[in-house]
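The values are calculated or read from the model by the stated rules, or taken from the named source; none is laboratory data. Bear in mind that the values here come from a model prediction, so they are computed numbers and not experimental data. All Cβ positions, glycine included, derive from the backbone under ideal geometry; neighbour counts span all protein chains shown.
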Amino acid sequence: MSIIAEYGTILLALACLFGFFMAWGVGANDVANAMGTSVGSKALTIKQAICIAILLEFAGAYLAGGSVTDTIRKGIIDPNISLLVENPHLLVYGMMAALLAAGTWLLVATHYGWPVSTTHSIIGAIVGFAAVGISTEAVNWSKVSSIVASWVVSPVMSGTLAFMIFMSVQKLILDTDNPFKNAKRYVPIYMFLVGFMMSMVTLVKGLKHIGLPLDYTQSILLAIAIGLLVMIAGKISLTKIKEDVQADKEFHFSSVEKVFGVMMIFTACSMAFAHGSNDVANAVGPLAAIASIIGSGGEISGRAGMPSWVLLLGAAGIVVGLATYGYRVMATIGTHITELTPSRGFAAELAAASTVVLASGTGLPVSTTHTLVGAVLGVGLARGIGALNLRVIGTIFMSWLITLPAGAFLAIVYYHCLHFIFG
């Protein structure tokens, strides 16, 4: 207790700095995933994508990021271990080390343009310090193994869905005698699906913390209503899009892609809000735990209130990360894996959102990064293996495998450094 009493203010100040750094990494790496398909398909420019993401990621993170959170992230650590109860400063060191380790790994990954999972980065870091700094018994290994299983499940699931969605677009619209006419006929149905799925992502993953007591059935009914509104709004906006015969001579599907371009803007907005509301917890969960322990003078609780200043810090960090360094990962997702058009980008984003909804409903932990990369792969495969850049895909898969051990190793190093400095 004496260490927390003596160094509490310094530790909290450092934790805020590390939390901001981690949130910066979430913005630079993870948010770029959500926007990469829109930029790659040229539905949005990088500047437009950054402006939309800044507004909606911040809104999602601050409004729906969570008033109550599992401060011991994802239930990976048992806070009732006697060593932690007697020495709460060890948990403070560990959470600080985890934030700094995950932030460092995200900086490295973003520099090379690797889209890695921020969730897995922070989980790897927490597992690392807990196993080495406390004891292997402090780690909930069954929870860790279910997260490892999601590495395979989420990209396969979203890739399969994206493949099926894009094949339906090809069959109903692109491979017909009059693609533009069929686009106007079928796109409102896709718009309903987009409105429904994006609402479900937000309701299931985002708004559960702001006091909206919606169960799964109520969420579905509300999402159907929003989907119908989107479909009606989409039908009205489609009447303004006219067939450009001249442009179609240069690229056969030019007018059709304009129709899908409208949808991409909506999916980008929805993904940004849902992502901000969900993934800000990766940065602010450990920070909330530290603030709670220091604020209570060393008392550890499994759950703690989320102070609004912590959410504000996380939201600000996400925005700064995206604006300063997000373009690197955007380029990987948008242009380096496969060539994207608005219709392909739409199929990928709808598949990723659907996977997140299905996973949330079944309680499977998934990474937004893995689902989106899997979806882009699925869209590329729909055009044949030759449409994929296998070298880039290999590099991405390697970076996924390294993420957990890299986070764990860095957290162990930083944990011992903090232990050495503060005692």
| message | Criterion first (more than 22 Å from the chain's Cα centre (by Cα) and of a type in the set (Ser, Thr, Tyr)) does Ser254 satisfy it? | response | yes
| Extreme residue, farthest from Ile54 (Cα to Cα), among residues of region 347-377 that are at pLDDT below 85 and of a type in the set (Ser, Thr, Tyr) | Thr362
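With respect to Leu203, determine if the residue is modelled with pLDDT of 85 or more and part of a helix (DSSP H, G or I). Talk me through it step by step, then tell me what you get.
On the way: modelled with pLDDT of 85 or more: no; part of a helix (DSSP H, G or I): yes.
Spelling it out, it is not the case that Leu203 is modelled with pLDDT of 85 or more and part of a helix (DSSP H, G or I).
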| said: Among the residues in region 121-138, are any buried (at least 18 other Cβ atoms within 10 Å of the Cβ), within 20 Å of Ile412 (Cα to Cα) and of a type in the set (S, T, N, Q)? | reply: yes
| note | Contact list, first residue from region 35-51 and within 22 Å of Gly317 (Cβ to Cβ), second anywhere and modelled with pLDDT of 80 or more and among the polar types (S, T, N, Q), beta-carbon distance below 6 Å, six or more apart or interchain, is Ala49/Ser38
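In region 341-423, which helices (runs of 4 or more DSSP H) lie fully inside it and hold 1 or more residues that are in contact with an Asp or Glu (Cβ under 9 Å, 6 or more places away or on another chain) and either free of Cβ contacts under 8 Å to residues at least 60 places away in the same chain or surrounded by fewer than 19 Cβ atoms within 10 Å (Cβ to Cβ) (or both)? Quick ask: steps written out before the conclusion?
Working: elements: 342-362, 368-381, 390-422.
Of the helices (runs of 4 or more DSSP H) lying wholly inside region 341-423, those with at least 1 residues that are in contact with an Asp or Glu (Cβ under 9 Å, 6 or more places away or on another chain) and either free of Cβ contacts under 8 Å to residues at least 60 places away in the same chain or surrounded by fewer than 19 Cβ atoms within 10 Å (Cβ to Cβ) (or both) span 368-381, 390-422.
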| task | Taking Val26 as meeting all but one of (1) within 30 Å of Val259 (Cα to Cα); (2) modelled with pLDDT of 80 or more, write down the number of the exception. | result | (1)
| task | Among the candidates Lys235, Lys242, single out the residue that is modelled with pLDDT of 80 or more, over 21 Å from the mean Cα position of the chain (by Cα) and outside any helix (DSSP H, G or I). | result | Lys242
| request: Can you confirm whether region 307-329 contains a residue that is of a type outside the set (Gly, Ala, Ser) and part of a loop (DSSP other than H, G, I, E, B)? | output: yes
| From the options Arg344, Arg303, residue that is modelled with pLDDT of 85 or more and of a type in the set (Lys, Arg) | Arg344
| request: Kindly list the number of the only condition in (1) modelled with pLDDT of 85 or more; (2) over 20 Å from the mean Cα position of the chain (by Cα); (3) closer than 30 Å to Phe196 by Cα; (4) not acidic (Asp, Glu) that fails for Ile290. | output: (3)
| task | Among the residues of region 68-103, write down those that are at pLDDT 80 or above and within 18 Å of the chain's Cα centre (by Cα). | result | Leu99, Ala102, Gly103
